[in-house]
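The values are calculated or read from the model by the stated rules, or taken from the named source; none is laboratory data. All values derive from a computational prediction rather than experimental measurement. Cβ atoms come from the backbone with ideal geometry, glycine included; neighbour counts cover every protein chain shown.
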Amino acid sequence: MNQKTSNFVRLYSHVQGHSEVPQSFHIWSCISMIAACVADRVWVKLIEDQPIYPHLFTFLIAPSGIGKNIAITAVEKLVLADPNIAGWINHYRGKLTGPSLYDLLGTNDKKKEVFDEEEGRYVEEEAKSKVWFVTPEMRNSMGSPDMAQLLILTMTELWSAAGTTFTDQTRTHGKVTVVDPCINWLAGTTKEWLMKAVKPEDIRGGFFARCLPVYYGGLYPKAPVYRPRYPKDRTRVWNMLQERVYRLCQLEGEVKVASDADARIEQWYMNEERPLEEGLAPYHNRRREMIMKLAMIFALADNEKMRIEWKHFDLARKNYLILQKDVLELIELACQTPQTSDARIVERIIKREGTIARGDITKKVYSKGMDSKRVEAAVQQLIQMDLVSHKPAPYGKDLFIYNK
């Protein structure tokens, strides 16, 4: 390990060693934790009276078994090692529903009381409107897709209400008030469940424009690693990181943008080209706010000078553009019809095999509920798109070849 490296994210990535878990999952889990440590005690001033806080919704999206849970659990350990830090951050891992959200964040007409041992009496429980939600598998934490949709609507409103007061009226809780909510959310999910839980209009619009989707598109790890390999200095660096977490929790105040960096940021903002894909418009329109959030975190990962340099903003900008590609793929998935979904399934099979008979395709997709008619329709669609070629074969065993 380079002894001169003091960047928190690099140090954290180093201690995770080499394993099957995508390194991007470790990195973005670490970024989420830093955001939770500082919550809304640090900010950047851009629009008068509307500070930008570094709270983030970070989603790790991949098939089961790729390492979402491992990455999320690993970063939690930095917080849970000290109960005081876990309390400051208000770490919450568990079932997540609308009622539990209000119980955790808000005050309501039905006051709750807890026994204060120091005062020797029951006192009104203090609401904690800052929270780090950790849901390694959204399906297990949020219930059915219908329940998740309602929760996601509430989370979207609370995300936008940072620095203000959010009020809602419910039958079970009465009038609920959340003062200065600051929600950081680190979640793991599969794309299939996400497509059921988040409506296409939410992916194309408000909700997903507020998220950082870290998408792993493969079905398997990039390479098999039987036993993870860790660096020799892991314990020393881990202890150093725990010390830094404590200091991050103490930071408070405005994060300034260096004057030379501010000039370059403005030049970038005024001249950046708009994406051609219409579905990326909401994501693009929020880029200034979202990139500034990341720039804040990258600056604090470097040091505690509370100052954003151009290198921090540029790194945030490049990472945001990488995630934008993931957003585009998720938008395309959300807009799929059953026919285009069939075509994608069949395309993956033909691409993997190179050349395959019609009957063998039908056998491979039988478990997905696709019959021979749907296979034929999917194949014809791929031929029209020039992705697949048809080659007649003896005895009626037509072959389909993937066009490389």
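Residues G106, G98, G67, G87: which one is at positive phi and either at pLDDT below 85 or of a type outside the set (A, V, I, L, M, F, W, C) (or both)? Full working, then the answer.
On the way: G106 fails: at positive phi; G98 fails: at positive phi; G87 fails: at positive phi.
Only one candidate qualifies: G67.
Which of the residues belonging to region 367-403 are within 26 Å of Y220 (Cα to Cα), surrounded by fewer than 14 Cβ atoms within 10 Å (Cβ to Cβ) and over 33 Å from the mean Cα position of the chain (by Cα)? Lay out the reasoning, then the answer.
First pass over region 367-403, keeping only residues within 26 Å of Y220 (Cα to Cα): 367-370, 375, 378-379, 382, 387-388, 400-403.
The next check asks that each one be surrounded by fewer than 14 Cβ atoms within 10 Å (Cβ to Cβ); those that pass are 367-369, 403.
Listed by number, the list holds a single entry, N403.
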Of the conditions (1) at pLDDT 80 or above; (2) within 27 Å of C30 (Cβ to Cβ), M142 fails just one. Which one is it?
(1)
Sole residue being under 23 Å from N90 (Cβ atoms) and free of Cβ contacts under 8 Å to residues at least 40 places away in the same chain, chosen from E252, E266, E243:
E243
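Can you spot a residue in region 17-25 that is part of a helix (DSSP H, G or I), assigned by TED's automatic domain parsing to the domain that holds L219, more than 18 Å from R287 (Cβ to Cβ) and in contact with a His (Cβ under 8 Å, 6 or more places away or on another chain)?
no
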Given the options P282, P275, name the one that is in a loop (DSSP other than H, G, I, E, B) and either under 27 Å from S29 (Cα atoms) or in contact (Cβ under 8 Å) with a residue 40 or more places away in the chain (or both).
P275
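Run down A209, A187 and say which single residue is under 30 Å from R352 (Cβ atoms), of a type outside the set (D, E) and under 17 Å from the mean Cα position of the chain (by Cα).
Working: A209 fails: under 30 Å from R352 (Cβ atoms).
Result: A187 is the single residue among A209, A187 that is under 30 Å from R352 (Cβ atoms), of a type outside the set (D, E) and under 17 Å from the mean Cα position of the chain (by Cα).
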Do you know which residues across region 45-76 are under 27 Å from M306 (Cβ atoms) and among the basic types (K, R)?
K45
Please indicate, with yes or no, whether at least one residue in region 73-81 is in contact with a Ser or Thr (Cβ under 8 Å, 6 or more places away or on another chain), among the polar types (S, T, N, Q) and in a helix (DSSP H, G or I).
no
Among what's in region 236-264 and is within 25 Å of the chain's Cα centre (by Cα) and in a helix (DSSP H, G or I), pick the residue that is surrounded by the most Cβ atoms within 10 Å (Cβ to Cβ).
L248
Which number in (1) closer than 30 Å to N84 by Cα; (2) modelled with pLDDT of 90 or more marks the one condition that V225 misses?
(1)
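Of the residues H18, H26, H14, only one is at pLDDT 95 or above and crowded, with 21+ Cβ neighbours inside 10 Å; which? Don't jump to the end; show me each part of the working.
Numbers: H18 fails: crowded, with 21+ Cβ neighbours inside 10 Å; H14 fails: crowded, with 21+ Cβ neighbours inside 10 Å.
Sole residue among the options that is at pLDDT 95 or above and crowded, with 21+ Cβ neighbours inside 10 Å: H26.
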Filter pass, K45 being surrounded by fewer than 19 Cβ atoms within 10 Å (Cβ to Cβ) and under 30 Å from R287 (Cβ atoms):
yes
Residue among P51, P63 that alone is touching a Gly at 6+ places or on another chain (Cβ under 7 Å) and either surrounded by fewer than 21 Cβ atoms within 10 Å (Cβ to Cβ) or not hydroxyl-bearing (S, T, Y) (or both)
P51
